[in-house]
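A short reminder: the numbers here are calculations on the coordinates, not readings from a lab. Please read all numbers here as calculations on a predicted model, not as lab measurements. For neighbour counting, all protein chains shown are included, and Cβ atoms are generated from backbone atoms with ideal geometry for every residue, glycine included.
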Amino acid sequence: MKSTTVGTIEMVAAMLISGTIGYFVVISELPILNVVWFRCLLGAITLLAICWMLGFLKRDHFTKRVLLLGGISGVTVVANWVLLFSSFSKASITIATVTYHTQPFMLVALGALFLSEKVTLSKVFWLSLAFVGMVFVVQARQADGSGTDYLLGIAMSLGAAFLYAITVILVKRLKGTPPHLVALIHVSVGTILLAPLASWAVQPETTVQWTSVLALGILCTTIMYIIMYDAFQKLSTSLTGALSFVYPVAAIVVDYIAFDRQLTMGQWIGSAAILFAACAMTLGWKMPFLKASSPART
């Protein structure tokens with residue numbers, strides 16, 4: 001089997017697993033900080049074993065730069081999980097996940113600010129389309145009188161997307177460091193950071209709760225990271241970006257099947273606009289009526 005074919009299968013599998021995260025968070029019925037802490041703890045234990053078997057636990061890898069950037073990005077990625085998981089119960093898994101996929105636009109903005117990357121007119125157009133989609137999503141739900149929690153959920157998912165974008169910028173500076181080791185640093189930071197914040201009086205008790213935290217820690221963290229990172233090495237950037245949109249589609253299907261979440265017409269239109277614009281941005285699509293070579297002023 002060709003390397004690209006294997007990578008495609010791995011990437012699709014990783015994104016399908018990602019689509020179940022919201023389901024496991026919701027059915028765990030545990031405080032969000034507890035859920036994230038268990039995810040970090042179980043991920044740290046399994047990733048530590050894997051990094052040890054792969055020979056990544058060498059002193060040469062743990063430079064001051066790696067520990068500093070890995071630690072800071074660990075804080076941002078864990079805070080990103082806390083905000084995203086918290087948004088599921090307020091704006092629904094579907095809307096939170098779609099809103100979360102405004103990440104590409106935040107990456108463009110941060111890239112322009114800190115990496116001197118140019119912002120083309122085409123990117124500005126896709127950003128505008130996503131903004132219009134966001135307006136549709138927000139207005140559609142406000143119309144039914146349940147706007148407060150819903151808007152808070154959207155704000156949380158936007159905050160999570162922003163923190164993820166910062167994480168990506170920081171991790172880009174760790175080029176050459178094994179990705180499994182970066183992930184290990186992240187979940188280790190989360191385990192330590194959230195230990196004093198979690199509600200220890202509330203622990204998993206039922207089979208469903210234990211299954212949920214085990215799934216989040218092992219399936220949705222360790223296994224997903226391993227196959228996703230392996231896919232990254234086999235696929236082109238454009239194909240990786242395209243396949244990443246299996247994630248929100250999977251989340252929408254899971255939300256519908258598990259919780260029978262129905263979207264309004266406005267939410268469908270807004271969600272479609274956001275995902276289409278984000279996909280176009282990720283794949284570098286250019287609008288024929290815009291001069292893509294002319295960067296917009298930033």
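Taking region 166-202 and a reference point 7 angstrom along Cα→Cβ of residue 9, no backbone N atom is nearer than 15 Å.
The residue 128 and residue 168 beta-carbon pair, evaluated with R₀ = 35 Å, returns a calculated FRET efficiency of approximately 0.95.
Given R0 = 30 Å, the distance between the Cβ atoms of residue 27 and residue 272 translates into a calculated FRET efficiency of 0.65.
Measuring between their Cα centroids, region 60-75 and region 1-46 lie 23 Å from each other.
For 84, 283, 41, the sequence from fewest to most other C-beta atoms within 10 Å is 283, 41, 84.
Reported to the nearest whole Å, the Cα centre-to-centre distance from region 214-276 to region 84-118 is 13. What helices does the chain hold that run 24 Å or longer along their axis, going by alpha-carbon atoms, with a Kyte-Doolittle average of 1.0 or more, using DSSP H for the helix calls? Within the chain the helices that satisfy the rule are 32-53, 64-100, 121-142, 147-172, 265-283.
Of the peptides 213-225, 87-99, 186-198, the order by per-residue mean of other Cβ atoms within 10 Å, starting with the highest, comes out as 87-99, 213-225, 186-198. A simple spin-label model places pseudo-atoms 7 Å from Cα toward Cβ; at residue 57 and residue 192 they are separated by 1.6 nm. A helix-only calculation puts the chain at -24500 deg cm²/dmol for mean residue ellipticity at 222 nm, using -39500 (n - 2.57) for each DSSP H run of at least four residues, averaged over all residues. Remark on residue 119: its backbone amide H falls under 5 Å from those of 296, a criterion applied only to residues 5 or more positions apart or on other chains, H modelled at 1.01 Å from N.
Step through the table entries 90/123; 123/172; 118/172; 64/123; 2/58, compare each Cα-Cα distance with 25 Å, and write down the pairs that go over it. Pairs exceeding 25 Å: 90/123; 64/123; 2/58. Label separation (residue 262 vs residue 229): 4.4 nm, computed from points 7 Å beyond Cα along the C-beta direction.
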